[in-house]
Every structure is written in structure tokens, then in C-alpha cells.
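Read the structure below first, then the notes.
The values are calculated or read from the model by the stated rules, or taken from the named source; none is laboratory data. Keep in mind it's a predicted model, so treat the numbers as computed, not measured. Note that each Cβ is placed from the backbone with ideal geometry, even for glycine, and that neighbours are counted across all protein chains shown. Quick note on the areas: whole protein, heavy atoms, side chains included, nothing else; ligands and nucleic acids left out. Shrake-Rupley method; radii C 1.70, N 1.55, O 1.52, S 1.80 Å.
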Amino acid sequence: MPDSGRDLGADLFRLYTMAKTNLPDVAAEYASAAGSVGDTDSGLAAAFTRPAQFGGPQGTAYQSWVELRDTVKRFLADTDENLGETAQALLLATDAYATSDYTAKVELDRLKRESQVP
């Protein structure tokens, strides 16, 4: 990454784009996956149903499966959250660099105006 000027502004715009579109898009996929994994609960108990003579309504495999499902869901949800926090950190870094270099800020602002990035 360049130290200053227009080139720095262009690199800051790449960070800004990452923070405003790329990371949130990926985070949304993780959030969707976490939701889908969580939605498996409704039919899960029925899938593990077994007769009472074999140890009860679900048996030991059911609890292990629920624990695995919950772990996967937590990993997905944590990744969603971490990506959101990373995006916020990138925005803070972009603003901090732009504040310290007027030429870079002018270039960053120009690129923001010309782009479709929110």
C-alpha cells in the first residue's frame, strides 16, 4: 500500500469497498447458513425417533447430533459476526488514513462518488 497521495486514496477505496460490500455479502452467506442449520431442529427429533424398547424417544445419537449441529451453527454465526466487525474495523482504518492525508482523502471521496458502492 502506498504511503500517501492519490495512490493511497485508491488503496483506501479498495478497503472501503471491501468493508461496505464484499465482507457484508460474505457475512450474509454465513448468516443464512447459520439460519439454515438452526432450522434443522424442527424435523430432527422425528428423524431420531425410536421405540421405547431401544432406549427412548431419541436415544444417544440424537444428543450427539444436536451438539454437532449447535457447534456448526455457532461457528457459522460467529464467522458472520466476525466479518461484520472486520468490516467496521476496515472503515475505521480507512477514515483514519484519509484524515491524515488530504490528497488521499480527495481521491477516496472522488472514487466513492464515481462508484456504485454505498
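With a Förster radius of 25 Å applied to the beta-carbon distance between Q116 and R74, the computed FRET efficiency rounds to 0.15.
Assuming R0 = 30 Å, what is the FRET efficiency of A46 and D25, from their Cβ-Cβ distance, to the nearest 0.05? Here the calculated transfer efficiency is 0.30. Considering helices alone, the calculated mean residue ellipticity of the chain at 222 nm is -26000 deg cm²/dmol, with DSSP H runs of length four and up weighted by -39500 (n - 2.57) and normalised per residue.
Restricting things to Cα coordinates, could you compute the convex hull volume per residue of region 1-61 in Å³?
Details: hull volume 5.0 nm³, N = 61.
Value for region 1-61: 82 Å³ per residue.
In degrees between 0 and 90, to the nearest 10, how far off the longest principal axis of the chain does helix 60-100 point, with axes built from Cα atoms? Compared with the principal axis, the helix lies near 10 degrees.
What is the percent of Cα-Cα separations in the chain that go past 21 Å?
Details: 3882 of 6903 pairs.
Result for the distance tail: 56 percent.
When the solvent-accessible area of the chain is split by element, carbon and sulfur atoms take up 56 percent of it, the probe being 1.4 Å. Relative to the dominant Cα principal axis of the chain, helix 5-17 is inclined by about 20°. Once the Cβ-Cβ distance of S64 and S36 is raised to the sixth power relative to R0 = 22 Å, the FRET efficiency obtained is 0.60.
Close amide H partners of T40, meaning residues 5 or more places away or on another chain with modelled amide H under 5 Å apart, do not exist here.
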